[in-house]
Amino acid sequence: MAKHEFTVSGREIRDIALALAALSFAFSFVLFGNKIFSAASFASAITAYPSYFMQSLIAVGIGFVLHEMGHKFVAQRKGLWAEFRAWPMGLALAVGLALFSRGGFVFAAPGAVMISPMRRTESGYHIRILKPSDEGTISIIGSVINVILAAVFSLLTLITGFTIFAITAQVNAWLALFNMIPVAMLDGAKVMRWHKGIWAGFTALCGALWILTVML
């Protein structure tokens, strides 16, 4: 196997699909909760929900999948084993908190790209020492992708006025900001260990972009 070959496994595709479905469901309540919970009747909310879910799926699909594939691509470029795995507790929290808060909050960590410094090659096992800079760049790239996407879709919103563009910008801005929270399970903790200044500046950028997208 080539050192820099980009590979995706069947289990990984299944886990990404599961995480995407849960996260899209959660975001549908965040993005359209005012319409869902203020519907004149339960029947009308159910009738309109497929449209809300599909819009959420498009926005989350673009942001979430590219975020995770960014981690995976950079890790594999560094010669590391990297595959996405769904996290059952994260899946439950994403869905449960969105419902419990009536669309007020989404826990955007239904899984993560698992990375190992050891991988099998044609000549045996290759071990790569993972430096703080390696860990930091792998961790920040997902949110960097989300920031770029949020900026692009914000511009498209201003040009076209399309609601789906505004939704996609908002979802990407939230994914970028949420993942910079410096707790162990999220990217922010690894970025902070690598470089506190980069973490602080980038997190501030994510926060400013989030506020901008909410105002669109």
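The values are calculated or read from the model by the stated rules, or taken from the named source; none is laboratory data. This one's a predicted model, so the numbers in the text were calculated from it and none came from an experiment. Because the Cβ atoms are built from the backbone with ideal geometry, glycine has one as well, and the counts that use them run over all protein chains shown.
Return a yes/no flag: does the range 184-204 have any residue that is of a type outside the set (Val, Ile, Thr), under 21 Å from Ser28 (Cα atoms) and in a helix (DSSP H, G or I).
First pass over the range 184-204, keeping only residues of a type outside the set (Val, Ile, Thr): 184-190, 192-197, 199-202, 204.
Now drop any that are not under 21 Å from Ser28 (Cα atoms), which leaves none.
Scanning the range 184-204 turns up no residue that is of a type outside the set (Val, Ile, Thr), under 21 Å from Ser28 (Cα atoms) and in a helix (DSSP H, G or I).
When Ile198 is tested against (1) more than 17 Å from Gly61 (Cα to Cα); (2) in contact with a Ser or Thr (Cβ under 9 Å, 6 or more places away or on another chain); (3) touching a residue at least 12 places away in the same chain (Cβ under 8 Å); (4) not charged (D, E, K, R), exactly one condition is not met: (2).
Out of all the residues in the range 182-190, is one or more among the β-branched types (Val, Ile, Thr) and free of Cβ contacts under 8 Å to residues at least 60 places away in the same chain? Please lay out each step first, then the result.
To start, the set of residues in the range 182-190 that are among the β-branched types (Val, Ile, Thr) comprises 183.
Narrowing the set further to residues that are free of Cβ contacts under 8 Å to residues at least 60 places away in the same chain leaves 183.
Yes: the range 182-190 contains one or more residues that are among the β-branched types (Val, Ile, Thr) and free of Cβ contacts under 8 Å to residues at least 60 places away in the same chain.
Take the conditions within 24 Å of Ile211 (Cβ to Cβ) and under 14 Å from the mean Cα position of the chain (by Cα) and apply them to Ser154. Does it pass? Taking the combined requirement at face value, the residue does not satisfy it.
Which one of these is closer than 17 Å to Phe107 by Cβ and part of a helix (DSSP H, G or I): Gly90, Gly61? Exactly one residue qualifies, and that residue is Gly90. Within the range 124-139, identify whether any single residue is of a type in the set (A, V, I, L, M), buried (at least 16 other Cβ atoms within 10 Å of the Cβ) and under 16 Å from Phe202 (Cα atoms), and answer yes or no. Yes, some residue in the range 124-139 is of a type in the set (A, V, I, L, M), buried (at least 16 other Cβ atoms within 10 Å of the Cβ) and under 16 Å from Phe202 (Cα atoms).
Checking the condition touching a helix residue (DSSP H, G or I) at 6+ places or on another chain (Cβ under 8 Å), of a type in the set (Asp, Glu) and assigned to a helix (DSSP H, G or I), which residue from Glu12, Glu68, Glu83 passes?
Glu68
Criterion applied to Leu80, Leu57, Leu31 was being touching a Ser or Thr at 6+ places or on another chain (Cβ under 7 Å), over 28 Å from Gly136 (Cβ atoms) and at pLDDT below 95, and the one residue passing it is Leu31.
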